[in-house]
1. Which percent of the accessible area of the stretch 257-381 is formed by carbon and sulfur heavy atoms (probe 1.4 angstrom)?
2. Can you tell me which of 228-236, 252-260 comes out highest on packing, and rank the rest after it, using the mean Cβ neighbours within 10 Å?
3. Take peptides 23-31, 306-314 and line them up by average Cβ neighbours within 10 Å, highest first, as a rough protection proxy.
4. Just to confirm my numbers, what's the Cα centroid distance between the stretch 47-61 and the stretch 414-485 in Å?
5. Considering only protein heavy atoms, what per residue accessible area in square angstrom results for the stretch 351-504 with a 1.4 angstrom probe?
6. Counting only protein heavy atoms and using a 1.4 Å probe, what share of the accessible area of the stretch 414-534 belongs to carbon plus sulfur, as a whole percent?
7. Mind listing the long-range amide H neighbours of residue 473? Cut-off is under 5 Å, sequence gap 5 or more, other chains count too, H placed in the peptide plane at 1.01 Å from N.
8. Which peptide among 55-65, 501-511 comes first, and what is the full order, when sorted by highest mean count of other Cβ atoms within 10 Å?
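The values are calculated or read from the model by the stated rules, or taken from the named source; none is laboratory data. Remember, predicted model here, so these are calculated numbers, not experimental data. Glycine also receives a Cβ, built like all others from the backbone with ideal geometry; neighbour counts cover every protein chain displayed. Please note that ligands, DNA and RNA were not included when accessible areas were found on the heavy atoms of the full protein model with its side chains. Shrake-Rupley method; radii C 1.70, N 1.55, O 1.52, S 1.80 Å.
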Amino acid sequence: FLKAIAPLLENNHPPPDLCEFFCKHCRERPRSMVVIEVFTPVVQRILKHNMDFGKCPRLRLFTQEYILALNELNAGMEVVKKFIHSMHGPTGQCPHPRVLPNLVAVCLAAIYSCYEEFINSRDNSPSLKEIRNGCQQQCDRKPNLPLRLIHTSPDLVSQEATLTESRLKPVIVTSNEIHVEVERNNTANQKMTANVGNDSEPNLIDCLMVSPTCSTMSIELSAQADRILGCYVEILKMLSDYDDWRPALASLLQPIPFPKEALAHEKFTKELKYVIQRFAEDPRQEVHSCLLSVRAGKDGWFQLYSPGGVACDDDGELFASMVHILMGSCYKTKKFLLSLAENKLGPCMLLALRGNQTMVEILCLMLEYNIIDNNDTQLQIISTLESTDVGKRMYEQLCDRQRELKELQRKGGPTRLTLPSKSTDADLARLLSSGSFGNLENLSLAFTNVTSACAEHLIKLPSLKQLNLWSTQFGDAGLRLLSEHLTMLQVLNLCETPVTDAGLLALSSMKSLCSLNMNSTKLSADTYEDLKVFL
């Protein structure tokens with residue numbers, strides 16, 4: 001029968017009832033040749049052309065059961081891996097834009113199903129089946145109650161009963177693997193409500209704090225749920241290995257789409273760590289920027305996998321990698337350093353003490369940008385830096401730069417300066433190291449070969465008010481530095497430079513800027529309207 005209807009499905013998705021039949025076949029006979037010969041082209045068509053699993057949930061369930069059936073074959077995950085590769089294609093760019101979002105949707109639903117029993121026991125929320133069938137709305141359910149998850153233990157249960165005889169007894173809901181204790185008080189809910197953040201734009205200082213609300217949960221899955229979890233986390237790891245899929249995957253995993261029961265499950269976070277590492281290693285900003293949370297008060301992957309986070313299982317290696325990549329593209333470098341100093345200074349110092357070069361650089365930058373106000377803390381950072389060879393060397397370089405900076409900023413020198421055409425970053429650095437430029441107000445680098453690298457020298461000019469970068473290679477990274485440090489800048493010429501919207505938006509914080517030339521840049525109409533509001 002299945003082989004007979006195969007031709008009818010070549011250009012059409014199977015109807016819901018047929019999907020149910022296919023799911024049953026995959027569950028009961030996963031090693032059947034029908035799974036490979038008949039179902040494979042059907043699933044391939046679904047992944048390539050389906051636009052919304054929300055309207056066709058049974059298509060997603062069928063795809064989910066099909067992949068689990070592949071995993072039951074002798075080669076297991078190797079078969080699944082070959083299937084994923086066939087969906088991507090042999091080239092470096094997948095020709096089907098719907099494949100990745102559909103695969104991720106299947107993975108997220110499958111992972112959620114592994115923890116559905118715990119979630120339903122906790123908050124009495126609709127199950128996936130109820131959501132699919134639309135038989136009960138959220139508003140009809142009881143209000144959420146706080147919970148504690150503990151391992152199944154008869155002695156522990158009897159002990160709990162003895163301890164609570166003199167007060168209102170909690171309701172114990174028995175699950176296959178755990179007991180869920182629902183405490184009947186609203187104190188926790190009131191605290192949670194009071195601490196909810198607003199919907200303003202992300203603030204790095206606020207975003208660094210972690211709320212390990214689910215770190216006390218102890219999750220034990222059944223053997224079947226464990227197999228499902230292992231299969232679909234492995235698929236997410238496969239997806240993160242494709243360079244062209246990684247930006248979209250990072251976007252689909254922000255904000256964090258997994259239930260907190262999954263984030264409290266050590267096995268899940270340990271396996272998912274591979275995906276986060278891939279994001280942290282990717283130099284593209286659209287990838288690694290997704291490590292941060294989307295708004296203040298919401299945890300992101302950076303918070304979860306940093307020391308003190310519920311998913312951190314190492315000595316800070318992943319944290320150091322994330323900090324290293326984020327420092328290179330962070331919208332507000334000083335703000336990012338301030339957030340680290342306020343919330344993660346201890347881990348930074350410990351990693352620096354162990355010779356981690358990224359953290360040594362972070363501590364040096366904190367001193368250089370005057371992030372630390374407390375004198376004792378400054379001395380402790382200096383002692384930490386002097387405890388290792390790499391720290392001692394970088395601290396000596398910092399001291400040399402500070403001496404040069406004092407000489408550079410000493411009052412005197414010209415008020416106007418123009419570099420010859422074809423000058424480079426090195427030429428500018430040599431010029432500025434030759435004397436005092438504390439009086440310099442007007443600097444023209446027009447038609448030179450300077451790049452964003454020269455911004456490190458420009459930010460040392462305290463009196464600079466006019467800067468001409470016409471027809472240079474000065475880009476977004478340089479603009480971010482200028483926006484933080486040149487608070488007195490009034491005139492900026494960026495005509496015919498490679499700056500983009502990402503860098504130009506940083507200029508919105510420069511309140512003293514009154515003239516900005518962006519002719520012949522990649523400025524978009526939306527960014528132009530945004531800048532008009534601030535400038």
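1. In the stretch 257-381, the share of accessible area belonging to carbon and sulfur is 45 percent.
2. 228-236, 252-260
3. 306-314, 23-31
4. Between the Cα centre of the stretch 47-61 and that of the stretch 414-485, the gap is 55 Å.
5. For the stretch 351-504, the per-residue accessible area is 47 Å².
6. Looking at the stretch 414-534 in its full context, I get 51 percent from C and S.
7. For residue 473, the qualifying residues are 450.
8. The peptides rank, most packed first, as 55-65, 501-511.
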